Structure formats: C-alpha cells, structure tokens
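Working notes, beginning with the structure itself.
The values are calculated or read from the model by the stated rules, or taken from the named source; none is laboratory data. Remember, predicted model here, so these are calculated numbers, not experimental data. Here Cβ is always computed from backbone atoms with ideal geometry, including for glycine, and neighbour counts include all displayed protein chains. When the accessible area is computed, the model is the full protein with side chains, heavy atoms only, and any ligands, DNA or RNA have been set aside. Shrake-Rupley method; radii C 1.70, N 1.55, O 1.52, S 1.80 Å.
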Number of protein chains: 2
Amino acid sequence: MTGRRPSLAVVGATGAIGGVMLQILSQHADVWGEVRLIASPRTAGAELVVRGEATEVLALSEDVFDGVDVALFLVPDEVSAQWAPVAAAGGAVVVDDSAAFRLDDDVPLVVPEINPHAVRRRPRGIVASPNCTTLSLIVAVGALHAEFGLRELIVSSYQAVSGEGHDGVAALREQLALVAGTELGTRPGDVRRALGDGDKSPFAAPVALNVVPWAGTDAGGGWSSEELAIREECRKVLGMPDLKVTATCVYVPVVATHSMSVHARFENEVDVAKAHEVLATAPGVVLFDSPAAGDFPTPADVVGTDPTWVGRVRQSMDDPHAVEMFVCGDNLRKGAALNVAQIAESVAWEFTRT
Amino acid sequence: MTGRRPSLAVVGATGAIGGVMLQILSQHADVWGEVRLIASPRTAGAELVVRGEATEVLALSEDVFDGVDVALFLVPDEVSAQWAPVAAAGGAVVVDDSAAFRLDDDVPLVVPEINPHAVRRRPRGIVASPNCTTLSLIVAVGALHAEFGLRELIVSSYQAVSGEGHDGVAALREQLALVAGTELGTRPGDVRRALGDGDKSPFAAPVALNVVPWAGTDAGGGWSSEELAIREECRKVLGMPDLKVTATCVYVPVVATHSMSVHARFENEVDVAKAHEVLATAPGVVLFDSPAAGDFPTPADVVGTDPTWVGRVRQSMDDPHAVEMFVCGDNLRKGAALNVAQIAESVAWEFTRT
C-alpha cells in the first residue's frame, strides 16, 4: 500500500449502527488514518473505544469535517439531508446510510458485490447505501440474476426491531419483560393492555408476542415506505428500472437480522442444483440448505455475521422459471454498517493510490 | 327445532384445541344433547368444565363411542388414523381435525363458508377439517375467488407456536423466560447457547427472539409437509385441482393466531375498492384496513376471535390481476376448534330434522 491513509469521520457514532461500525473499524484497523467520532450535541462528549483507543465523541458542526477525507453518515434521514452536503462541500466523500439520497439520480446506490463501479460517478460527492431490507436480499438475488436473468421478486419480510435503532430494541426488551412469565397472548388485546398506554415504542402495534405488518410511513395506495424502498432500490442497484418487485414488510420480535421469504422469477429456467452452485460460490453469500437436517438460516444463528445466508432453496412447482428461498442478513452489519464500510474502503483506495 | 339433540364426543378434550372446543361448546350450549369428553388413558380421569358442568374425561376405547352421534377428533394424526374409523364403524359421524384423512378422496374437506355442501357426501363416515394454516387464509381467499376467479397464490406464513399444541406454547414460554431481561439476540448463537441442550422444544431452532422457517416434516424437493398441505388443501376445498399455490411456512414467537402475507392473482382484473367491498361483506371475514391510522390485523388483536381478519389490501403495481394482503386467523379457533364445531353443527341439523 502506497500513499497516505485517509482520514475518516463517523457521524452517528453513538447509535445502534454506529456501535457496529466501531467494531468493524477495529477489525479493519489498517485502512484508515485518523478516525473522528461525531454525534449530535446531545450525546457528544462521551468516550467510545475504537481500534482499542478511547476516543471522545465530537459534536456535529461545520468545522468538525475539516481535513476529513471520507465521512460516514449513520443518522436519520433529516440529519443526513442537512449535513451530508456540508461535509461534501468541505471536500469529504460522503457514504450515507440514510434514505435521504438513495433515489437521487446524482447519487450512486452501491452494493460492492453487485455494482462496485457505480461508486466512481458521484457528482454530489455522496454515495448512498441501500435500506437494510434491500441489503438483506440483494446480494443473493444479484448472484442468481447474473446467472438466470431476474424478472420478478415477490418478497415478505421478517424484520428485526433494530431496524428502528436503539428505540426499537428497547421497546422489544421492555415489552418482553412485561410478557415473559405470564399467560398472555391468548385473549384479544391482552398483550396490548399489559403494555399500557405509556409505551414509547416506535412500532404501530405491540411487537412482543406479535408481528407488525407495517414499516415506515404511508406511501399511498396502501403501501408502506419500506415496501416501496425495496422496490426502487432493487431496481437501481441492479440497473433494471422496470424490474417487477412486490414487498410486504413485517416486523417480528427479533433483535437483529432481517429475514425474507423470496419468490424469484427469472428469464431462464432455473435448475436448483445450478442455483445452489451459484449461491455456494457467490461472494458475500453462505448457502445453508439442508432443512431436513436442521440446516436453514435463522436470525439467532446469522446475527453478528457478515454474509447473507440462504436456505430453503426450492424449485417452484408451478413455474420452472421460479425459485423460492429464505434469506437472512444481519441488518446492522451487511444491512447497514458493513455495506457502508465496504463502500468507504473502496473509496479509500483512491487515496492510498495517489 | 324438532327431533332430538344429537350426542357428541370430544376426543382430545385435554389438548390445546380441546380446551378451545370446550369454550365453544359452552357458547353454543343448545346444539348438543350429551357431551362426552375423551382423552388418552394418560390424561383420562381428570374433570373439565363444559357448559358449566364438571365432566369426567373418559379414556379412549371402542366402547366409549356407544350411542355417540357425532365424534370430534382433536388429536395427532396417528390417533385419528387408528380411532376415527372405529368411531365411524360404531355409527358416529366423525369430524376430524388431523391430517390423517384430509386428502382422502372419500373424505370431504370442509370449510362451511366455502364448500358447505361437501359435508353430505362422506362414504367413510368421516369429514375432515383443514390444516390451521390453510384455514387462516382460505375464507378470505375464497370470497375473492368467487368474485374474481383465483389463479395463483404465493403465501408466506407467520405461524404461532400453538400450531405445535401445548408443547409449542410451553417451549416459547420457557425460552422467553430465559431471554427476557438479557442482552441476548445480538451475537451468533447466543440465544441457542442460553437455551442449552436440555430444550424439549418441538421446533427445529430457537423460537424466542427468532423465526423458524420449517414446519412439519421433509416432503421432498426442499418443501416442508406444511407447505404442501396448504397447496393440496386449498386445491381440494376450492375444488380447483390445478390451482397454483406456493407456500413458505415460518414459525414466529407468537402464542396463538397465524398470519399470512398473501399474493393472489386472479382471472379478472382486481379493483381494490371492489375487493374491499367483497371482503367487508364476506361471512367469517373482518376487513381492518386503514394502515396509516394503525388499522391492520395483528395476532395480538385477533387472538381469541372467530373471524379471519384481512388488512394491507393493495393492488399489485406490476399486475392488475393481482392483490397483496395480510391475513390473521386464530389457529386454535377458526384454524381448528371453531371450524370443526361449525362442521359438526351442520351435521347436527341432520339429526334435529329427523
């Protein structure tokens, strides 16, 4: 490696995704020069450990990006919308995990296993990382697309509560404490009554002993914003603006790792043995598919790991061009921090080669 | 009402579905004459309350069916396979909730809202009730089929642990007690390790803080028996032997009430306003569909109620012949005991009219 090691800013260092990012930076400790941790004034001043060193968290401001080569934004949409252009104007390459720029034509939406070269054209100085639900399936689907030619996706999600950050995890933990050891879950509304009105949950219904078929905001036509995000982001990452994509997004009482039941239809007929071979050799994918022996991915086993895990791969009985599969990916790692880190590392090479 | 009130036997009175059946019998107290409660010798001798009266549970034997007009079987497949023909040979009409006879050409598979007349032709003296997952969606789908002409179903389930009876509920309760109040669910295998090896769970993976994409046994080609059951039972109940049906069955940490994400494609174009009208007026269906206002069905609200609840109804953006929807039904009520009771009551009329 020649040239200098670029400097990095992590905006949102104190959040759920920020915490995972610090682990990843510690594991990939040789990529970056200075690492600056940044958060809102509310949580700034704390000390966090990264690469084995206690590091003070700085408050978000215009000056804080001085001398920063690459800035990672792991913050809510409105914070990115305001501050990412500030960091970019100061000369940093921004890698943004929020939804603020994902569908902007002048911002590439990058999954390094699928469209790595898209990172080079970034007229606004900003690169976006997809939604965690898109990321939980796109690596596996992209590998099959390259072999068989994707035509349609029909997906149902089993989303972890950390999709709503620390607040989502706290809501599940608090609700579980109230329902564990009870006989709740057998009478209409008993869980809802036990949780009471003081509940500060970000979910639209109880999430302990329940599933919640609504994620995000009202996007019209009965669709949630999360469902349309999967559609538009899959199209953009795969470069297929007319791809058919239907999603139903449902939260489940799982801390971390999103799962998806996927019906994928292709231009070519799909042989399951060949699909297995493609998935077994695809970068970033683990094939774990011997269900009668208990080998299928579940969040409890996948959480904390980097790859997308795929199992339950089977030929549709009604359509030789379609397969069903069950996919799990850690929404805080590949679904967020890891993909952002991968994008940032691909940008870092630009600095090390100068 | 003329004629006599028929006598009833409830086989499996001490099980999870049996318990719900006793509630239903108490609510519909005027239909039956004598009600005889029957269970395996292991649990026989206990007293259970039905229609306000403590009633001793009798041990399953050939003689116990003497004088019984209608016998409900709420027991595992192998018990039904052995004993239902015994009860039928003694003259009782058997209504069986197990899988033992569901796909037998000489046994009707009945959902009273959809194919009530099928109950009359029963050459073996046995009428079968579908699987709880089939029942959680078929009433809503059947209503739309009558209007639009069904062609294909692609469904993903969010199944409650009581699909595995008392053992399933006990496993979830025990696992929740171990994980509530912990920070588990964030590291690979941490939930699995916390549950230990002594786990007597009927599930193939942890079910607390997890989802388990495997239900039933290995049916070949990567499919689970539950997934093929949905396919074959939907075809039989709807009288459409070539209907395209693809299912992915997944257990979630919910006590009771199965949910399904449903992609349904029809012969005719589907107008969502018309679909709403059909569902709002269909017997046995509640339309609950204003998601931006928080109105969508969830297990916590649906559990303990009789109807199939439908929400998240929306037109496919890629196919004017398809709709998406989210359906919830209590797997112990309409999914089991209630459908059996409805079938039995339709048989009871044959006795009251003689």
(request) Please find, among B:329, B:304, the residue that is open to solvent by 10 Å² or more (accessible area, probe 1.4 Å), in contact (Cβ under 8 Å) with a residue 24 or more places away in the chain and closer than 25 Å to residue A:203 by Cβ. (result) B:304
(request) Might you let me know whether the stretch B:197-204 holds any residue that is part of a helix (DSSP H, G or I), facing chain A (nearest Cβ under 9 Å) and free of Cβ contacts under 8 Å to residues at least 40 places away in the same chain? (result) no
(request) Can you confirm whether the stretch B:191-210 contains a residue that is among the β-branched types (Val, Ile, Thr) and open to solvent by 30 Å² or more (accessible area, probe 1.4 Å)? (result) no
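Please specify each residue of the stretch B:326-354 satisfying the condition of being hydrophobic (A, V, I, L, M, F, W, C), within 19 Å of residue B:73 (Cβ to Cβ) and in contact with a helix residue (DSSP H, G or I) (Cβ under 8 Å, 6 or more places away or on another chain).
B:332, B:336, B:337, B:338, B:340, B:341, B:343, B:347
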(request) Name the single residue, out of those in the stretch A:43-88 being free of Cβ contacts under 8 Å to residues at least 12 places away in the same chain and not acidic (Asp, Glu), that is surrounded by the fewest Cβ atoms within 10 Å (Cβ to Cβ). (result) A:54
(message) Cβ-Cβ under 7 Å, sequence separation 6+ or interchain: first residue in the stretch A:258-283 and closer than 16 Å to residue A:138 by Cβ, partner hydroxyl-bearing (Ser, Thr, Tyr) and assigned to a helix (DSSP H, G or I). Which pairs?
(response) A:258/A:133; A:258/A:136; A:260/A:136
(message) For the stretch B:130-154, give me the residue count where each residue is within 14 Å of chain A (Cβ to nearest Cβ), open to solvent by less than 10 Å² (accessible area, probe 1.4 Å) and over 22 Å from residue A:209 (Cβ atoms).
(response) 2
(request) List the number of the failed condition for residue B:224; all other conditions in (1) free of Cβ contacts under 8 Å to residues at least 60 places away in the same chain; (2) more than 30 Å from residue B:149 (Cβ to Cβ); (3) open to solvent by less than 30 Å² (accessible area, probe 1.4 Å); (4) within 10 Å of another protein chain (Cβ to nearest Cβ) hold. (result) (2)
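Just checking, which of B:322, B:215, B:280 is more than 28 Å from residue B:107 (Cβ to Cβ) and either crowded, with 23+ Cβ neighbours inside 10 Å or within 11 Å of chain A (Cβ to nearest Cβ) (or both)?
Working: B:215 fails: more than 28 Å from residue B:107 (Cβ to Cβ); B:280 fails: either crowded, with 23+ Cβ neighbours inside 10 Å or within 11 Å of chain A (Cβ to nearest Cβ) (or both).
Only one candidate passes the filter, namely B:322.
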(request) Would you list the strands (runs of 3 or more DSSP E) that sit entirely within the stretch B:1-106 and hold 1 or more residues that are polar (S, T, N, Q)? (result) B:53-59
(request) Could you please find all residues in the stretch A:292-301 being closer than 17 Å to residue A:158 by Cα and facing chain B (nearest Cβ under 7 Å)? (result) A:296, A:298, A:299, A:300, A:301
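Rundown of residues vs (1) farther than 23 Å from residue A:302 by Cα; (2) of a type outside the set (Asp, Glu); (3) modelled with pLDDT under 95; (4) touching a Ser or Thr at 6+ places or on another chain (Cβ under 6 Å), yes/no style:
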{"residue": "B:189", "(1), (2), (3), (4)": "no, yes, yes, no"}
{"residue": "B:195", "(1), (2), (3), (4)": "no, yes, yes, no"}
{"residue": "B:265", "(1), (2), (3), (4)": "yes, yes, no, no"}
{"residue": "B:269", "(1), (2), (3), (4)": "yes, no, no, no"}
{"residue": "B:277", "(1), (2), (3), (4)": "yes, no, no, no"}
